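Comments concern the structure below.
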Amino acid sequence: MIKSFLNLLCISTLVFSSEQIVLVVSDDFNTSTAKLACYENGKQVFQTIPVNLGKNGLGWGIGEVAFTHKKGEALKYEGDKKAPSGVFKLKSVFGYKKNLTLAMPYRVATQNLICVDDSESKEYNKIILARGNEKSFEHMRRKDNLYKYGIVVAHNENAMKNRGSCIFMHIQRRKGIPTVGCTSMSESNLKKIIYWLDKDKNPILIQIPKSAAKEVKKQFPELKNSKLLL
């Protein structure tokens, strides 16, 4: 088996720790559905949740921890309709309500709030107030309410060109309907997670195909008893 380390501008797992882990595991790189479980200090806090991934499954993204990967496994790129696989910080929450009492930074998704997905832009992969000269972006306040509540996934934080942008955890369109690169679920389940997250506990998302389970258990031993990693 040929393996190589992804050059992902990562930090060492020896200095990276989190009290809160959102774990998402799919059957393989090509499936668009997965299971999610939340852990605090190694203990699962909610029942396992069904979620939807990108229409084209997963691709290795740019996050906090370097995983080994087999030759031929896809990387995450802009517009590939893949959700990023890897370990990512969960830094903030957004939504339509003006006031939410949360333990996470919260931003109201106003009509002029956008996320820039133009790989050539200096604002690539950033959530900003629209100036009117942006070439490609998505509105953070949608008519379909998919972003009524959402969590920002810190994928590709250094905005590496064409490696993917605007990755969120948000409300699903319908059960089993894939996304274009985010992770979606029912509104009730998403709200449970949002109200549980605490910035002081360094929450992270670990999103992987089951083939990476063994490596996750090595790097995050507190997850060694997770049923999703069996």
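I'm trying to understand the selection: among the residues of the stretch 129-142, which are within 19 Å of residue 108 (Cα to Cα) and either loosely packed, with under 15 Cβ neighbours inside 10 Å or charged (D, E, K, R) (or both)?
Result: 129, 131, 138, 141, 142.
Name the residue that is surrounded by the most Cβ atoms within 10 Å (Cβ to Cβ), counting only residues in the stretch 63-85 that are under 20 Å from residue 116 (Cβ atoms) and more than 11 Å from the chain's Cα centre (by Cα).
Restricting to residues being under 20 Å from residue 116 (Cβ atoms) and more than 11 Å from the chain's Cα centre (by Cα), the top hit is 82.
Yes or no, residue by residue, for (1) over 16 Å from the mean Cα position of the chain (by Cα); (2) buried (at least 22 other Cβ atoms within 10 Å of the Cβ):
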{"position": "164", "(1), (2)": "no, yes"}
{"position": "175", "(1), (2)": "yes, no"}
{"position": "180", "(1), (2)": "no, no"}
{"position": "184", "(1), (2)": "no, yes"}
{"position": "202", "(1), (2)": "no, no"}
{"position": "214", "(1), (2)": "yes, no"}
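If a residue must be surrounded by fewer than 21 Cβ atoms within 10 Å (Cβ to Cβ) and at pLDDT below 95, how many such residues does the stretch 17-38 contain?
Counting residues in the stretch 17-38 that are surrounded by fewer than 21 Cβ atoms within 10 Å (Cβ to Cβ) and at pLDDT below 95 gives 1.
Is there any pair with a first residue in the stretch 125-142 that is hydroxyl-bearing (Ser, Thr, Tyr) and a second that is assigned to a loop (DSSP other than H, G, I, E, B) whose Cβ atoms are under 6 Å apart and which are 6 or more apart or on different chains, and what are they?
136/117; 136/118
Let's see how each residue does on (1) in a loop (DSSP other than H, G, I, E, B); (2) in contact (Cβ under 8 Å) with a residue 24 or more places away in the chain; (3) in contact with a Lys or Arg (Cβ under 9 Å, 6 or more places away or on another chain); (4) within 23 Å of residue 222 (Cβ to Cβ):
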| site | (1), (2), (3), (4) |
| --- | --- |
| 46 | yes, yes, yes, yes |
| 62 | yes, yes, yes, no |
| 89 | no, yes, no, yes |
| 107 | no, no, no, no |
| 110 | yes, yes, yes, no |
| 115 | no, yes, yes, no |
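The values are calculated or read from the model by the stated rules, or taken from the named source; none is laboratory data. In this text, all values refer to a predicted model and were calculated from it rather than measured experimentally. Positions of Cβ are generated from backbone atoms using ideal geometry, with glycine treated the same way; all protein chains shown enter the neighbour counts.
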